[in-house]
1. Residues to consider are GLU69, GLU100, GLU92; find the one that is of a type outside the set (Gly, Ala, Ser) and outside any helix (DSSP H, G or I).
2. Is the range 72-88 home to any residue that is loosely packed, with under 15 Cβ neighbours inside 10 Å, part of a strand (DSSP E or B) and touching a Leu at 6+ places or on another chain (Cβ under 8 Å)?
3. Give the range 10-57 a look and list any residue that's part of a loop (DSSP other than H, G, I, E, B), under 25 Å from THR98 (Cβ atoms) and at pLDDT 85 or above, or say none.
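The values are calculated or read from the model by the stated rules, or taken from the named source; none is laboratory data. Quantities reported herein were computed from a predicted structural model and do not represent experimental measurements. Counting neighbours? That spans all protein chains shown, and the Cβs are built from the backbone with ideal geometry, glycine included.
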Amino acid sequence: MCRREHHPLSGRRRGFAAPPRPGGSGCGPDHDHLFRETQTFLVIERPHRLVTEPVGSSPDGSTMTTRVEVTFEPDGAGTLVTVVQTGFPAVELRDFFTQEVWVDAFARIEAYPRR
């Protein structure tokens, strides 16, 4: 199930959930108002590095393409995960992803093994 609390391209906050759909995935209040994201994997260097190019599109037709590089390094009994996302069209969007999107993503990852 897809859950979003924000609209990344406009900065507006909204809450909604939608089950995965055949032929693609998206989140939105209904089928005609989906925020979609397509990930293209550019580099897969197991088990150390992953580079993707996410392209997000909103119902109004606006799009945003960035580049995400994730590295994994042994760190004691765990793994240090470093994420660098570049290509934001505005500082406000970059800050939004830094302060909210990635913080939430890492919180969900950290909580997952505790289920």
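1. Working: GLU100 fails: outside any helix (DSSP H, G or I); GLU92 fails: outside any helix (DSSP H, G or I).
Answer to the selection: GLU69.
2. Within the range 72-88, the subset loosely packed, with under 15 Cβ neighbours inside 10 Å is 73-84, 86-87.
In the following step, the residues that additionally are part of a strand (DSSP E or B) were identified as 73-75, 78-84, 86.
This time we only want the ones that are touching a Leu at 6+ places or on another chain (Cβ under 8 Å), so: 73-74.
Yes, that holds for at least one residue.
3. HIS48
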